[in-house]
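For reference, the structure is listed below as C-alpha coordinates.
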Amino acid sequence: MRVAFVSESVSQHRETGATRRIRRTAEGLARRGHDVVVCCAQWWEGDHEAFEQDGVTYRAVTDEPPGESGRFAVSLPTALRAVDPDVIQTTAAVPGHVLAAKVASLFLRAPLIVDWYESPNAGDADDPRWRLAATVPDLVLAPSETVRTRVRELGADGDAVRVVPNGIDVDAVREADPRAVADVVYSRRLDRDANLESLLLALAELRDHDWSALVIGDGPERDVYERQVRDLRIDDRVSFAGEQPLENRLAAFKGAHVYAQNARREAFPTDMLRALACGCAGVVEYHVESSAHELVEQEERAFRTTSEQELTDALVAAAEMEPMEFNGNFAEYDEDAVLETYLDAYRDAEARMSWVEPAAVAGGVLVVVALVALLVVLL
(Lines give C-alpha, C1' and ligand atoms only; values in the text may rest on other atoms or scores of the structure.)
Protein backbone atom coordinates (compact mmCIF):
# COMPACT_ATOMS: atom_id res chain seq x y z
CA MET A 1 0.00 0.00 0.00
CA ARG A 2 1.23 3.48 -0.83
CA VAL A 3 0.40 5.97 1.91
CA ALA A 4 0.94 9.71 1.59
CA PHE A 5 1.18 11.66 4.84
CA VAL A 6 0.57 15.40 4.73
CA SER A 7 2.06 17.70 7.34
CA GLU A 8 3.82 20.95 6.60
CA SER A 9 5.76 20.61 9.86
CA VAL A 10 7.45 17.31 10.78
CA SER A 11 9.57 16.23 13.73
CA GLN A 12 12.75 17.20 11.86
CA HIS A 13 11.42 20.78 12.07
CA ARG A 14 10.02 20.61 15.60
CA GLU A 15 9.23 17.83 18.05
CA THR A 16 5.58 17.91 19.14
CA GLY A 17 3.07 15.24 20.04
CA ALA A 18 1.58 15.46 16.55
CA THR A 19 4.86 15.33 14.63
CA ARG A 20 6.17 12.44 16.74
CA ARG A 21 2.95 10.54 16.02
CA ILE A 22 3.37 11.07 12.26
CA ARG A 23 6.96 9.89 12.35
CA ARG A 24 6.20 6.79 14.44
CA THR A 25 3.33 5.79 12.14
CA ALA A 26 5.22 6.46 8.92
CA GLU A 27 8.32 4.56 10.00
CA GLY A 28 6.21 1.70 11.36
CA LEU A 29 4.42 1.33 8.03
CA ALA A 30 7.74 1.46 6.17
CA ARG A 31 9.09 -1.36 8.35
CA ARG A 32 6.03 -3.40 7.35
CA GLY A 33 7.01 -2.99 3.69
CA HIS A 34 4.53 -0.26 2.72
CA ASP A 35 5.52 2.61 0.42
CA VAL A 36 5.41 5.73 2.58
CA VAL A 37 5.80 9.35 1.43
CA VAL A 38 5.54 12.38 3.72
CA CYS A 39 4.59 15.60 1.94
CA CYS A 40 6.04 18.41 4.01
CA ALA A 41 8.05 21.62 3.97
CA GLN A 42 11.68 20.93 3.11
CA TRP A 43 13.94 20.34 6.13
CA TRP A 44 17.01 18.83 4.45
CA GLU A 45 19.94 20.58 2.79
CA GLY A 46 20.26 20.80 -0.99
CA ASP A 47 17.96 21.45 -3.90
CA HIS A 48 16.63 17.89 -4.38
CA GLU A 49 12.88 17.64 -3.84
CA ALA A 50 12.91 14.32 -1.98
CA PHE A 51 14.92 12.82 0.87
CA GLU A 52 14.79 9.31 2.34
CA GLN A 53 15.26 8.61 6.04
CA ASP A 54 14.49 5.42 8.00
CA GLY A 55 12.64 3.93 5.05
CA VAL A 56 10.36 6.96 4.61
CA THR A 57 10.50 9.29 1.62
CA TYR A 58 10.04 12.96 2.48
CA ARG A 59 8.84 15.08 -0.44
CA ALA A 60 9.18 18.86 -0.36
CA VAL A 61 5.92 20.63 -1.17
CA THR A 62 7.65 23.97 -0.52
CA ASP A 63 11.21 24.96 0.34
CA GLU A 64 10.03 27.54 2.90
CA PRO A 65 9.91 27.04 6.69
CA PRO A 66 6.50 25.90 7.97
CA GLY A 67 3.89 28.62 8.34
CA GLU A 68 5.71 31.33 6.42
CA SER A 69 3.34 31.43 3.43
CA GLY A 70 0.22 29.88 1.96
CA ARG A 71 2.11 28.14 -0.82
CA PHE A 72 1.94 24.76 0.88
CA ALA A 73 -1.84 24.38 0.46
CA VAL A 74 -1.76 25.66 -3.13
CA SER A 75 1.07 23.28 -4.12
CA LEU A 76 -0.19 20.25 -2.21
CA PRO A 77 -2.61 18.77 -4.82
CA THR A 78 0.15 18.71 -7.45
CA ALA A 79 2.57 17.06 -5.01
CA LEU A 80 0.01 14.39 -4.09
CA ARG A 81 -0.75 13.74 -7.74
CA ALA A 82 2.94 12.99 -8.30
CA VAL A 83 2.91 10.54 -5.37
CA ASP A 84 -0.31 8.83 -6.59
CA PRO A 85 -1.14 7.28 -3.20
CA ASP A 86 -3.70 4.64 -2.27
CA VAL A 87 -4.49 6.55 0.93
CA ILE A 88 -3.91 10.16 1.98
CA GLN A 89 -3.47 10.91 5.67
CA THR A 90 -3.13 14.50 6.80
CA THR A 91 -2.96 16.30 10.12
CA ALA A 92 -5.56 18.85 11.18
CA ALA A 93 -3.01 21.47 12.22
CA VAL A 94 -4.02 23.80 9.35
CA PRO A 95 -7.61 23.52 8.04
CA GLY A 96 -6.61 24.79 4.59
CA HIS A 97 -4.25 21.83 4.21
CA VAL A 98 -7.11 19.41 4.87
CA LEU A 99 -9.18 21.09 2.14
CA ALA A 100 -6.26 21.01 -0.29
CA ALA A 101 -5.75 17.31 0.45
CA LYS A 102 -9.46 16.73 -0.18
CA VAL A 103 -9.07 18.28 -3.63
CA ALA A 104 -6.33 15.73 -4.43
CA SER A 105 -8.34 12.93 -2.80
CA LEU A 106 -11.32 13.46 -5.10
CA PHE A 107 -9.25 13.64 -8.27
CA LEU A 108 -7.07 10.66 -7.34
CA ARG A 109 -9.98 8.67 -5.89
CA ALA A 110 -7.87 7.96 -2.82
CA PRO A 111 -9.60 8.20 0.58
CA LEU A 112 -8.69 11.12 2.83
CA ILE A 113 -8.01 10.35 6.48
CA VAL A 114 -7.34 13.13 8.97
CA ASP A 115 -5.28 12.23 12.05
CA TRP A 116 -6.63 14.88 14.41
CA TYR A 117 -4.14 14.91 17.27
CA GLU A 118 -4.83 18.03 19.29
CA SER A 119 -8.20 19.04 20.71
CA PRO A 120 -9.56 22.09 18.87
CA ASN A 121 -9.47 25.32 20.84
CA ALA A 122 -12.64 26.68 22.45
CA GLY A 123 -13.40 29.14 19.64
CA ASP A 124 -12.85 26.68 16.80
CA ALA A 125 -16.39 25.29 16.88
CA ASP A 126 -17.66 28.56 15.38
CA ASP A 127 -14.96 28.71 12.70
CA PRO A 128 -16.23 27.34 9.33
CA ARG A 129 -12.71 26.32 8.31
CA TRP A 130 -12.40 23.93 11.24
CA ARG A 131 -15.91 22.58 10.70
CA LEU A 132 -15.03 21.81 7.08
CA ALA A 133 -11.77 20.15 8.16
CA ALA A 134 -13.78 17.88 10.46
CA THR A 135 -16.50 16.99 7.95
CA VAL A 136 -14.84 16.60 4.53
CA PRO A 137 -12.53 13.62 5.33
CA ASP A 138 -13.64 10.05 4.71
CA LEU A 139 -12.40 9.13 8.17
CA VAL A 140 -11.02 11.02 11.18
CA LEU A 141 -8.65 9.38 13.66
CA ALA A 142 -8.24 10.77 17.18
CA PRO A 143 -5.77 9.66 19.88
CA SER A 144 -8.38 9.69 22.65
CA GLU A 145 -12.09 9.98 23.42
CA THR A 146 -11.44 13.52 24.62
CA VAL A 147 -10.23 14.59 21.17
CA ARG A 148 -12.89 12.48 19.45
CA THR A 149 -15.61 14.34 21.33
CA ARG A 150 -14.21 17.72 20.28
CA VAL A 151 -14.09 16.65 16.62
CA ARG A 152 -17.68 15.46 16.77
CA GLU A 153 -18.66 18.83 18.24
CA LEU A 154 -17.33 20.37 15.04
CA GLY A 155 -19.90 18.41 13.04
CA ALA A 156 -18.09 15.18 12.17
CA ASP A 157 -20.27 12.08 11.90
CA GLY A 158 -19.72 9.93 14.98
CA ASP A 159 -19.25 6.78 12.86
CA ALA A 160 -16.52 8.52 10.86
CA VAL A 161 -14.36 9.34 13.90
CA ARG A 162 -12.27 6.56 15.47
CA VAL A 163 -9.89 6.45 18.40
CA VAL A 164 -6.37 5.26 17.60
CA PRO A 165 -4.10 5.75 20.63
CA ASN A 166 -0.36 6.26 20.55
CA GLY A 167 1.58 3.03 20.69
CA ILE A 168 4.60 2.12 22.81
CA ASP A 169 7.36 -0.45 22.44
CA VAL A 170 6.21 -2.96 25.04
CA ASP A 171 9.34 -5.10 24.57
CA ALA A 172 11.53 -2.08 25.38
CA VAL A 173 9.45 -1.43 28.50
CA ARG A 174 9.72 -5.05 29.59
CA GLU A 175 13.49 -5.17 29.04
CA ALA A 176 14.40 -1.78 30.55
CA ASP A 177 16.68 -1.88 33.59
CA PRO A 178 15.37 0.09 36.59
CA ARG A 179 17.32 3.03 37.94
CA ALA A 180 16.35 4.27 41.39
CA VAL A 181 16.53 8.03 40.85
CA ALA A 182 13.32 9.18 42.57
CA ASP A 183 10.12 7.95 44.20
CA VAL A 184 7.83 10.23 42.17
CA VAL A 185 8.36 11.06 38.48
CA TYR A 186 6.79 13.73 36.28
CA SER A 187 7.63 13.77 32.56
CA ARG A 188 6.36 16.35 30.09
CA ARG A 189 7.23 19.53 28.20
CA LEU A 190 7.28 22.34 30.74
CA ASP A 191 4.95 24.81 29.05
CA ARG A 192 1.96 26.77 30.34
CA ASP A 193 -0.24 23.65 30.24
CA ALA A 194 2.15 21.50 32.28
CA ASN A 195 0.52 22.49 35.61
CA LEU A 196 3.54 21.19 37.52
CA GLU A 197 2.79 23.67 40.31
CA SER A 198 -0.14 21.49 41.34
CA LEU A 199 2.15 18.55 42.01
CA LEU A 200 4.77 20.69 43.74
CA LEU A 201 2.22 22.15 46.15
CA ALA A 202 0.95 18.67 46.98
CA LEU A 203 4.47 17.41 47.60
CA ALA A 204 5.20 20.40 49.82
CA GLU A 205 2.22 19.37 51.98
CA LEU A 206 3.96 16.05 52.54
CA ARG A 207 7.15 17.41 54.08
CA ASP A 208 6.89 14.96 56.95
CA HIS A 209 6.91 12.01 54.52
CA ASP A 210 10.03 10.44 53.02
CA TRP A 211 9.97 11.13 49.28
CA SER A 212 12.05 12.37 46.35
CA ALA A 213 10.81 13.61 42.98
CA LEU A 214 12.25 13.88 39.47
CA VAL A 215 10.98 16.23 36.77
CA ILE A 216 11.88 15.13 33.22
CA GLY A 217 11.43 17.61 30.40
CA ASP A 218 12.24 21.15 29.41
CA GLY A 219 10.34 24.16 28.17
CA PRO A 220 9.61 27.88 28.62
CA GLU A 221 8.23 27.47 32.16
CA ARG A 222 11.15 25.50 33.60
CA ASP A 223 12.69 28.53 35.33
CA VAL A 224 9.32 29.34 36.91
CA TYR A 225 8.99 25.83 38.33
CA GLU A 226 12.57 25.72 39.57
CA ARG A 227 11.95 29.01 41.38
CA GLN A 228 8.76 27.62 42.88
CA VAL A 229 10.64 24.58 44.19
CA ARG A 230 13.08 26.90 45.94
CA ASP A 231 10.27 29.07 47.33
CA LEU A 232 8.53 25.98 48.72
CA ARG A 233 11.84 24.86 50.23
CA ILE A 234 11.71 21.43 48.66
CA ASP A 235 14.67 21.94 46.33
CA ASP A 236 16.62 19.31 48.28
CA ARG A 237 14.03 16.71 47.23
CA VAL A 238 13.04 17.75 43.71
CA SER A 239 15.50 17.52 40.81
CA PHE A 240 15.11 18.66 37.20
CA ALA A 241 16.66 16.36 34.60
CA GLY A 242 15.73 18.27 31.45
CA GLU A 243 15.11 16.38 28.21
CA GLN A 244 16.14 12.73 28.39
CA PRO A 245 16.33 9.96 25.77
CA LEU A 246 13.70 7.23 25.95
CA GLU A 247 16.14 4.72 27.45
CA ASN A 248 16.78 7.01 30.45
CA ARG A 249 13.09 7.77 30.89
CA LEU A 250 12.16 4.09 30.94
CA ALA A 251 14.90 3.40 33.50
CA ALA A 252 13.56 6.20 35.72
CA PHE A 253 9.98 4.93 35.38
CA LYS A 254 11.07 1.39 36.25
CA GLY A 255 12.90 2.65 39.34
CA ALA A 256 10.15 5.00 40.52
CA HIS A 257 7.06 4.15 42.55
CA VAL A 258 4.61 6.84 41.42
CA TYR A 259 4.04 8.70 38.15
CA ALA A 260 2.09 11.96 38.35
CA GLN A 261 0.17 13.50 35.45
CA ASN A 262 -1.18 16.99 36.14
CA ALA A 263 -1.23 18.65 32.71
CA ARG A 264 -4.25 20.79 31.89
CA ARG A 265 -4.14 19.86 28.20
CA GLU A 266 -2.95 16.52 26.85
CA ALA A 267 -4.14 14.81 23.67
CA PHE A 268 -2.49 11.55 24.70
CA PRO A 269 0.01 11.12 27.59
CA THR A 270 2.46 8.72 25.97
CA ASP A 271 5.08 8.93 28.73
CA MET A 272 2.40 8.27 31.32
CA LEU A 273 1.42 5.14 29.37
CA ARG A 274 5.05 4.01 29.38
CA ALA A 275 5.34 4.68 33.12
CA LEU A 276 2.17 2.73 33.91
CA ALA A 277 3.44 -0.16 31.80
CA CYS A 278 6.70 0.06 33.77
CA GLY A 279 4.71 -0.64 36.93
CA CYS A 280 4.34 2.86 38.34
CA ALA A 281 1.25 3.66 40.36
CA GLY A 282 -0.47 6.52 38.53
CA VAL A 283 -1.84 9.73 40.00
CA VAL A 284 -3.89 11.70 37.48
CA GLU A 285 -5.35 15.14 38.03
CA TYR A 286 -8.52 15.43 35.97
CA HIS A 287 -8.82 18.29 33.47
CA VAL A 288 -11.47 18.59 30.79
CA GLU A 289 -8.89 19.12 28.00
CA SER A 290 -6.68 16.22 29.07
CA SER A 291 -7.24 12.59 28.11
CA ALA A 292 -4.95 11.20 30.83
CA HIS A 293 -7.85 9.96 32.95
CA GLU A 294 -8.94 7.65 30.12
CA LEU A 295 -5.87 5.43 30.61
CA VAL A 296 -6.68 4.70 34.24
CA GLU A 297 -10.47 4.36 34.28
CA GLN A 298 -10.20 0.58 34.75
CA GLU A 299 -6.77 0.48 36.40
CA GLU A 300 -6.48 -0.50 40.07
CA ARG A 301 -2.97 0.93 40.41
CA ALA A 302 -4.04 4.48 39.64
CA PHE A 303 -5.94 7.38 41.17
CA ARG A 304 -7.97 10.16 39.59
CA THR A 305 -8.14 13.43 41.51
CA THR A 306 -10.14 16.62 41.17
CA SER A 307 -8.89 18.71 44.12
CA GLU A 308 -5.68 19.62 45.91
CA GLN A 309 -6.57 17.46 48.92
CA GLU A 310 -7.43 14.47 46.72
CA LEU A 311 -4.10 14.87 44.94
CA THR A 312 -2.18 14.88 48.21
CA ASP A 313 -4.09 11.85 49.53
CA ALA A 314 -3.57 9.99 46.25
CA LEU A 315 0.19 10.51 46.38
CA VAL A 316 0.25 8.93 49.83
CA ALA A 317 -1.96 6.00 48.82
CA ALA A 318 0.04 5.38 45.62
CA ALA A 319 3.30 5.33 47.57
CA GLU A 320 1.92 2.55 49.77
CA MET A 321 1.26 0.21 46.83
CA GLU A 322 3.46 -2.80 46.21
CA PRO A 323 6.32 -2.14 43.76
CA MET A 324 5.97 -3.53 40.23
CA GLU A 325 8.33 -3.46 37.24
CA PHE A 326 5.89 -4.40 34.47
CA ASN A 327 2.13 -4.01 34.21
CA GLY A 328 0.68 -6.29 31.55
CA ASN A 329 -2.62 -4.41 31.56
CA PHE A 330 -1.07 -1.97 29.10
CA ALA A 331 0.39 -4.51 26.66
CA GLU A 332 -2.55 -3.84 24.32
CA TYR A 333 -0.93 -0.50 23.46
CA ASP A 334 2.04 -2.19 21.80
CA GLU A 335 3.03 -0.24 18.70
CA ASP A 336 2.51 -3.23 16.39
CA ALA A 337 -1.11 -3.59 17.53
CA VAL A 338 -1.71 0.15 17.13
CA LEU A 339 -0.18 0.07 13.65
CA GLU A 340 -2.62 -2.67 12.69
CA THR A 341 -5.44 -0.36 13.80
CA TYR A 342 -4.18 2.24 11.32
CA LEU A 343 -4.09 -0.35 8.55
CA ASP A 344 -7.65 -1.45 9.36
CA ALA A 345 -8.73 2.20 9.06
CA TYR A 346 -7.01 2.51 5.68
CA ARG A 347 -8.68 -0.66 4.38
CA ASP A 348 -12.09 0.48 5.56
CA ALA A 349 -11.63 3.90 3.97
CA GLU A 350 -10.58 2.26 0.68
CA ALA A 351 -13.64 0.01 0.79
CA ARG A 352 -15.87 3.04 1.22
CA MET A 353 -14.29 4.68 -1.82
CA SER A 354 -14.86 1.56 -3.93
CA TRP A 355 -18.60 2.02 -3.52
CA VAL A 356 -18.57 5.52 -4.97
CA GLU A 357 -20.56 5.59 -8.21
CA PRO A 358 -19.23 7.42 -11.31
CA ALA A 359 -22.06 9.96 -11.02
CA ALA A 360 -20.92 10.71 -7.49
CA VAL A 361 -17.38 11.23 -8.75
CA ALA A 362 -18.71 13.75 -11.28
CA GLY A 363 -20.47 15.49 -8.42
CA GLY A 364 -17.21 15.37 -6.51
CA VAL A 365 -15.57 17.41 -9.24
CA LEU A 366 -18.03 20.18 -8.50
CA VAL A 367 -17.10 19.88 -4.85
CA VAL A 368 -13.46 20.20 -5.88
CA VAL A 369 -14.17 23.42 -7.71
CA ALA A 370 -15.98 24.79 -4.67
CA LEU A 371 -13.16 23.73 -2.36
CA VAL A 372 -10.53 25.31 -4.58
CA ALA A 373 -12.50 28.57 -4.62
CA LEU A 374 -12.85 28.41 -0.85
CA LEU A 375 -9.18 27.61 -0.45
CA VAL A 376 -8.20 30.68 -2.44
CA VAL A 377 -10.42 32.83 -0.21
CA LEU A 378 -9.01 31.31 2.99
CA LEU A 379 -5.43 31.88 1.90
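Scanning for something within 21 Å of residue 132 (Cβ to Cβ) and not acidic (Asp, Glu), does region 43-58 turn up at least one residue? Scanning region 43-58 turns up no residue that is within 21 Å of residue 132 (Cβ to Cβ) and not acidic (Asp, Glu). Of all residues in region 146-173, which are among the charged types (D, E, K, R), loosely packed, with under 15 Cβ neighbours inside 10 Å and modelled with pLDDT of 95 or more? Passing the criteria: only 171.
Taking region 84-105 as the range and being in a helix (DSSP H, G or I) and either surrounded by fewer than 23 Cβ atoms within 10 Å (Cβ to Cβ) or in contact with a Leu (Cβ under 7 Å, 6 or more places away or on another chain) (or both) as the test, the residues that pass are 95, 96, 97, 99, 100, 101, 102, 103, 104, 105. Scanning region 18-41 for residues that are of a type outside the set (Gly, Ala, Ser) and buried (at least 22 other Cβ atoms within 10 Å of the Cβ) returns 21, 22, 25, 29, 36, 37, 38, 39, 40.
Only one of the numbered conditions (1) crowded, with 20+ Cβ neighbours inside 10 Å; (2) in contact (Cβ under 8 Å) with a residue 12 or more places away in the chain; (3) in contact with a His (Cβ under 9 Å, 6 or more places away or on another chain) is violated by residue 293, and that is (2).
When 184, 170 are checked against the criterion of being touching an Asp or Glu at 6+ places or on another chain (Cβ under 7 Å), in contact (Cβ under 8 Å) with a residue 60 or more places away in the chain and either in the same structural domain as residue 18 (by TED's automatic domain parsing) or farther than 16 Å from residue 264 by Cβ (or both), 170 stands alone in meeting it.
Tell me whether region 323-330 contains one or more residues that are under 22 Å from the mean Cα position of the chain (by Cα) and at pLDDT 55 or above. Within region 323-330, one or more residues are under 22 Å from the mean Cα position of the chain (by Cα) and at pLDDT 55 or above. Within region 33-74, how many residues turn out to be outside any strand (DSSP E or B) and either at pLDDT 95 or above or within 24 Å of residue 99 (Cα to Cα) (or both)? Number satisfying all stated conditions: 20. Residues in region 98-126 that are in contact with a Gly (Cβ under 9 Å, 6 or more places away or on another chain) and modelled with pLDDT under 90 were compared, and the one that is farthest from residue 288 (Cα to Cα) is 125.
The values are calculated or read from the model by the stated rules, or taken from the named source; none is laboratory data. Since the model is a prediction, treat every value here as computed from it, not as a measurement. Using ideal geometry, Cβ is built from the backbone for each residue, glycine included, and neighbour counts are taken over all protein chains shown.
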